[in-house]
Amino acid sequence: MSVHVLAPGRVNLIGEHTDYTGGLVLPMAIDRFTEIRATRGGDRVHLTSLDEAEPIDLPLHIEQPNQVSPAWGRYVAGVMSEMSAATGQPVTNGLHGHVSTDIPIGAGLSSSAALEVAVALALGFEGTPLQLAQLCQRAEHRASGVPSGIMDQLAVAAGVADHALLIDCGDLTVQPVPLPAGAEIVVRFVTHRTLVGSPYAERVTQCAAAEQLIGPLRHATEAQARRIDDPIVRSRALHVVGENQRVLGFVSAITAGDLAAAGRLMIASHDSLRHQYATSTPAMDAAVAATCARPGVYGARMTGGGFGGCVVALTEPGALSTGWVVRAVNGARVVA
């Protein structure tokens with residue numbers, strides 16, 4: 001039986017490093033896709049990719065996904081393992097096919113989440129977008145060891161055309177937010193990055209330390225965060241508390257058509273990531289500054305976890321000649 005699956009990438013408009021504390025994020029699924037065309041059946045998963053030198057060829061039962069070689073196969077193996085864990089039975093049907101993508105790898109646009117979601121659907125996953133996202137989040141943890149939140153997988157699985165998604169990562173609700181007509185979302189690649197081996201996990205630990213002192217950051221106030229003695233932990237908490245408020249402010253601004261206010265919040269988000277969360281880089285700072293200096297740009301910020309990646313900008317139509325204009329699309333689906 002043949003299967004054809006499309007899974008979009010995502011860009012996060014605002015709400016960075018808040019998902020793993022149960023906070024608020026505002027991503028959108030974008031019109032760049034990971035695609036799998038395969039035949040179901042057999043006792044192995046064999047996939048090739050134009051973007052990877054080595055194919056993956058895996059048995060249906062995987063004990064340690066993080067040990068699979070080549071490295072891109074770890075995400076596939078993680079999905080297979082989590083599907084087996086969810087049912088109590090190993091995956092029973094293999095795949096033989098090809099993966100292609102126009103999501104830049106290592107750009108912070110969720111290429112790994114798109115691959116995970118696409119693989120799960122190709123293997124026959126049945127369930128809600130939230131269940132799909134939760135399975136693939138667990139798969140990423142097993143594959144990479146990075147303790148990431150659920151934003152990426154949920155944005156990929158639950159995208160809505162022409163809308164961003166206001167995701168409450170605490171109660172796992174998703175509210176589509178119409179994107180403003182007459183504006184563009186532009187993404188510009190700056191530098192390659194990977195979260196594996198980055199200080200990302202350290203930031204998760206620092207937020208956990210803050211929560212030990214003042215309770216869940218999703219409910220904390222700025223005043224509570226400022227009472228934390230450790231200056232680094234205090235800075236991380238102040239970012240998360242402020243970022244949750246910026247997400248709400250951004251939604252209110254674009255709903256009211258106040259794109260200038262929305263842009264200012266994007267800039268404030270980047271400044272917080274730079275100074276309070278220390279996840280930006282000189283190259284990202286320079287790219288944001290140069291982007292914001294262009295006429296017709298309301299605001300810009302780094303997106304995708306930090307330590308490199310892409311800048312996302314809210315602009316008037318045609319304001320930027322570099323990067324690519326992205327539009328919001330529906331979430332992952334089986335085409336045939």
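The values are calculated or read from the model by the stated rules, or taken from the named source; none is laboratory data. The shown structure was predicted, so the numbers you read here are calculated from the model rather than taken from an experiment. Positions of Cβ are backbone-derived with ideal geometry, glycine not excepted, and every protein chain shown enters the neighbour counts.
Which of the residues that make up region 104-119 are under 16 Å from the mean Cα position of the chain (by Cα) and modelled with pLDDT of 95 or more? Break it down stepwise before answering.
Of all residues in region 104-119, those under 16 Å from the mean Cα position of the chain (by Cα) come to 104-118.
Result: ALA113, ALA114, LEU115, GLU116, VAL117, ALA118.
Here ALA122 does not qualify as under 13 Å from the mean Cα position of the chain (by Cα) and either buried (at least 18 other Cβ atoms within 10 Å of the Cβ) or at pLDDT 95 or above (or both). For region 23-49, residues that are more than 24 Å from ALA328 (Cβ to Cβ) and of a type in the set (Gly, Ala, Ser) total 4. Within the set THR303, THR279, THR255, THR291, the sole residue that is in contact with a helix residue (DSSP H, G or I) (Cβ under 7 Å, 6 or more places away or on another chain) and of a type in the set (S, T, N, Q) turns out to be THR279.
Table: residues versus (1) surrounded by fewer than 22 Cβ atoms within 10 Å (Cβ to Cβ); (2) closer than 19 Å to PHE33 by Cα; (3) out of contact with any Asp or Glu (no Cβ under 6 Å at 6 or more places or on another chain).
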{"residue": "SER84", "(1), (2), (3)": "yes, no, yes"}
{"residue": "HIS98", "(1), (2), (3)": "yes, yes, yes"}
{"residue": "PRO104", "(1), (2), (3)": "yes, yes, yes"}
{"residue": "LEU109", "(1), (2), (3)": "no, yes, yes"}
{"residue": "LEU132", "(1), (2), (3)": "no, yes, yes"}
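Considering only residues that are in a helix (DSSP H, G or I), touching a Cys at 6+ places or on another chain (Cβ under 8 Å) and of a type outside the set (A, V, I, L, M), which ones fall in region 99-150? Can you show your working first?
Going through region 99-150, the residues in a helix (DSSP H, G or I) turn out to be 111-122, 129-144.
Now restrict to residues that are touching a Cys at 6+ places or on another chain (Cβ under 8 Å): 113, 116-117, 120.
Correct list: GLU116 only.
Restricted to region 204-253, and to residues there that are within 30 Å of ALA164 (Cα to Cα) and polar (S, T, N, Q), the residue that is surrounded by the most Cβ atoms within 10 Å (Cβ to Cβ) is ASN244. GLN175 meets each of the listed conditions (1) over 18 Å from MET302 (Cα atoms); (2) touching a strand residue (DSSP E or B) at 6+ places or on another chain (Cβ under 8 Å); (3) touching a residue at least 60 places away in the same chain (Cβ under 8 Å) apart from (3).
State which residue is surrounded by the fewest Cβ atoms within 10 Å (Cβ to Cβ) when the search covers only region 308-321 and only residues that are modelled with pLDDT of 95 or more and within 23 Å of the chain's Cα centre (by Cα). Give the derivation first.
Here is the first cut: in region 308-321, the residues modelled with pLDDT of 95 or more are 311-320.
If we keep only those that are within 23 Å of the chain's Cα centre (by Cα) too, we end up with 311-315.
Values: VAL311: 28, VAL312: 29, ALA313: 28, LEU314: 27, THR315: 23.
Looking at the filtered set, the residue picked out is THR315.
State which residue pairs qualify: first residue outside the structural domain of GLY305 (by TED's automatic domain parsing) and inside region 8-22, second residue part of a helix (DSSP H, G or I) and aromatic (Phe, Trp, Tyr) in any location, beta carbons under 6 Å apart, and separation of 6 or more residues or different chains. Once the first residue is outside the structural domain of GLY305 (by TED's automatic domain parsing) and sits in region 8-22, its partners that are part of a helix (DSSP H, G or I) and aromatic (Phe, Trp, Tyr) give ILE14/PHE250. Conditions: (1) closer than 26 Å to GLY170 by Cα; (2) surrounded by 24 or more Cβ atoms within 10 Å (Cβ to Cβ); (3) touching a residue at least 60 places away in the same chain (Cβ under 8 Å); (4) touching a strand residue (DSSP E or B) at 6+ places or on another chain (Cβ under 8 Å). GLY305 meets all but one. Number of the miss? Going through (1) closer than 26 Å to GLY170 by Cα; (2) surrounded by 24 or more Cβ atoms within 10 Å (Cβ to Cβ); (3) touching a residue at least 60 places away in the same chain (Cβ under 8 Å); (4) touching a strand residue (DSSP E or B) at 6+ places or on another chain (Cβ under 8 Å) one by one, GLY305 breaks only (4). Only residues that are part of a helix (DSSP H, G or I), charged (D, E, K, R) and free of Cβ contacts under 8 Å to residues at least 12 places away in the same chain: list them for region 196-251, please. Selection gives GLU202 alone.
For region 167-195, which residues satisfy the criterion of being assigned to a loop (DSSP other than H, G, I, E, B), within 19 Å of the chain's Cα centre (by Cα) and modelled with pLDDT under 95?
Taking region 167-195 and keeping what is assigned to a loop (DSSP other than H, G, I, E, B), we get 169-172, 179-183, 192-195.
So of that shortlist, the ones also within 19 Å of the chain's Cα centre (by Cα) come out as 169-172, 179, 192-195.
The answer is HIS192, ARG193, THR194, LEU195.
Taking ALA332, is it crowded, with 18+ Cβ neighbours inside 10 Å and under 24 Å from VAL146 (Cα atoms)? The answer is yes for ALA332.
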